[in-house]
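Enquirer: My questions will all concern the structure given below.
The values are calculated or read from the model by the stated rules, or taken from the named source; none is laboratory data. As the structure is a prediction and not an experimental result, all values here were calculated from the model. Glycine also receives a Cβ, built like all others from the backbone with ideal geometry; neighbour counts cover every protein chain displayed.
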Amino acid sequence: MKKVALATIVASLVLAGCANDGRYYRSDTYAAGAVNQAQQVRTVEILSIGPAQVAVSNTENRGDAQTIGTIIGAIAGAALGSHNRHDTASRVIGGLAGGAVGNIAGGAVGGDRTSYVDGVQLTFRYNNKLYNSAQVGQVCEFKPGLAIMISTTPTETRIQPNNPNGCVQ
């Protein structure tokens, strides 16, 4: 019984870390396929920096949490179902009930379908035109002035942080 409780507590702690933190969407994060690839670079002038919230999908992490919760719940339910009765039917019923409860609990600790992460709104000048771009990151990572913008598509604006020590306290 203590092992089941311990496994449930450990699983809850693991599942609690399932929210999408947005790192994948940062301008200085690259997918493996983009590494060692030439990308067009432009120089832009950052004129204004403001805070923003970026909504990122948490559906995949939520699904993973529900799957893990179902598995752990089924194991715990089967163990509890066979605690006083050692027949197969009790284990199956306990496993099914535990799996259902674990699925619900996994969805609850997996977070909402959308996570909100810190971002910035950058107003910048490029080719004598003004643009605005939202980026995942912190305001302290950017400063007014020159910055590098990497574009792999005509509408992509991956403005690289131009204040590398700005967030150091």
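Enquirer: Based on this model, can you work out whether residue 91 counts as in a loop (DSSP other than H, G, I, E, B), at pLDDT below 90 and among the basic types (Lys, Arg)?
Expert: no
Enquirer: Just wondering, is there one or more residues in segment 131-146 that are in a helix (DSSP H, G or I), at pLDDT 70 or above and crowded, with 17+ Cβ neighbours inside 10 Å?
Expert: Looking for residues that are in a helix (DSSP H, G or I), at pLDDT 70 or above and crowded, with 17+ Cβ neighbours inside 10 Å, one finds at least one in segment 131-146, hence yes.
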